[in-house]
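The values are calculated or read from the model by the stated rules, or taken from the named source; none is laboratory data. Just so it is clear, the model here is predicted, and its values are computed rather than measured. We place every Cβ from the backbone using ideal geometry, glycine too, and count neighbours over all the protein chains shown. Please note that ligands, DNA and RNA were not included when accessible areas were found on the heavy atoms of the full protein model with its side chains. Shrake-Rupley method; radii C 1.70, N 1.55, O 1.52, S 1.80 Å.
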Amino acid sequence: YLAVSGMYWGLTALDIMHMLTKEGVRHTPLVEGAESEAEGESAADTPFAQEDVVSFVMSCYQTVPLETGVGGGFGGAPKHDVHTLYTMSALQLLALYDSLDVLDVAEAEGGKTKRQSIIDWVCSLQLSDGSFSGDASGECDSRLTYTSLAILGILGVDMDMRRESGEGERVHIRDIVRADQVVGWLARCQSVDGGFSVSPGDESHGGQAFVTLGALSLLHSLSALPSPTLASLWLAQRQMPFVGGFNGRPSKKEDVCYSWWVGASLSLLSSWGLVDGGAVARFILRCQDTEDGGIADRPENRADAYHTMFGVAALSLIKSSGTADADTASLHVRPVSPAYCMPVHVCERLGLTWQVLDLDL
């Protein structure tokens, strides 16, 4: 049931490491300094070619009945129920392979496109308090609100709340959802300790810090935060002494995935200066399986695609932050968007933008 998300984790990690082309996975990375993919080793006859990946992703697409017509989304595997978590992973994969145009085909003759069907479905999931559900069940939290907004951004909606509706050529977020209300709801997810919770008034957690800050960043509304400096201090406290890695909340163990959840949050607040980035990178590298490859949650544990992707993406953030040690700074990894968790070159191709607060901490 995690097939689509598993592919997103694995293939994104490969792309960050210069190991992916439309033809498939490379045998060796693109050499640093090469001007184009053509200068690297050919990836002919390798797995995960564009045609195969796009075909599988589209096999997970389903239509969804709405009160006002038909919507659409993606399940985690073929014939599985649609959900925004899997829809976001599916769109990230299509974006990675520059194939979002497959969504511009009408559902039926004279009907709307799959792209519009997905937008309509996501918009139908907004709840009365401004947050979003992930599917028809009505379950809502900051994570599902983030995924809904990220989906709309990837599909071409103008997410910049600094602009008014009608200023640009694209459909503006205010035209299709109650955007000001969702900004207010997200701002209320900041807790009294500076962290962020699944919904207003709940316990702070590192994962919720990322999705809340990420959602506000997509909307260019980080200025709505009650206390960004307190948020930075709470995030800095997630670094475990002696170990170097981050935990997700007080009194919990460190975990590689929080290198991304906490690290991306620090990037969005320009606050890497509050932590030892080199120590985070060394922790991630200690979690690598030096025989079979991959990265685990902690040293000596079994590696998996989830922790590998978030570990590699975090190493990219650390390199970009300027806090890396010499070994990490020399890693040949692509820059990653701290808001979309996609390689920056993919985001630039799509014209995606996000906000970073210049706290300079």
Legend entry - Phi-based couplings in Hz for the range 245-255 (Karplus 6.51, -1.76, 1.60; Gly and Pro marked x): x, 9, 9, x, 6, x, 6, 10, 6, 5, 7
Legend entry - Solvent accessible area, Å² - residue 292, 1.4 Å probe, full protein context: 130
Legend entry - Protection proxy ranking of 141-148, 192-199 - average other beta-carbon atoms within 10 Å, highest first: 141-148, 192-199
Legend entry - Amide proton proximity set for residue 66, modelled H, under 5 Å, gap of 5+: 71
Inset, instruction - Just subtract the alpha-carbon distance of residue 105 and residue 301 from 0.36 nm times their residue separation and send over the number in nm, one decimal. - result: 66.1 nm
Legend entry - Tensor-based shape of the range 310-361 (alpha-carbon gyration tensor, a/c under 1.5 rounded, otherwise prolate or oblate): oblate
Inset, instruction - Search the structure for amide H atoms under 5 Å from the amide H of residue 26, placed 1.01 Å from N in the peptide plane, and list their residues when 5 or more places away or on another chain. - result: 20, 21
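At 222 nm, what value in deg cm²/dmol follows for the chain if DSSP H runs of at least 4 each add -39500 (n - 2.57) and the sum is divided by all its residues, to the nearest 500?
-12000 deg cm²/dmol
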Legend entry - Percentage relative contact order, the range 174-245, counting C-alpha pairs under 8 Å, at least six apart: 28
Legend entry - Gyration tensor verdict on the range 213-361 (Cα atoms; rounded if a/c is under 1.5, prolate if a/b is larger than b/c, oblate otherwise): oblate
Inset, instruction - Would you count, across the chain, every pair of lysines whose alpha carbons are under 25 angstrom apart, provided the pair is eight or more residues apart or spans two chains? - result: 4
Inset, instruction - Quick one: which residues, 5 or more positions from residue 342 or on another chain, have an amide H under 5 Å from its amide H? H modelled 1.01 Å from N in the peptide plane, none for Pro or chain starts. - result: 337
Legend entry - Heavy-atom surface of the range 59-110, accessible at 1.4 Å and reported per residue (Å²): 45
Legend entry - Viscosity 1.002 mPa s, temperature 20 °C, Stokes-Einstein D of the chain from Kirkwood C-alpha radius, µm²/s: 103
Legend entry - Rounded percent of accessible protein surface that carbon and sulfur make up, the range 219-361, 1.4 Å probe: 50
Legend entry - Length-normalised contact order for the range 105-155 - Cα pairs under 8 Å, 6+ apart - percent: 25
Inset, instruction - Please calculate the 1.4 Å probe accessible area of residue 298, with all protein chains present, and give it to the nearest 10 Å². - result: 60
Inset, instruction - Under 1.5 on a/c is rounded, so check that first for the range 129-258, then, if it is not, pick prolate when a/b is larger than b/c and oblate when it is not; a ≥ b ≥ c are the square roots of the alpha carbon gyration tensor eigenvalues. - result: prolate
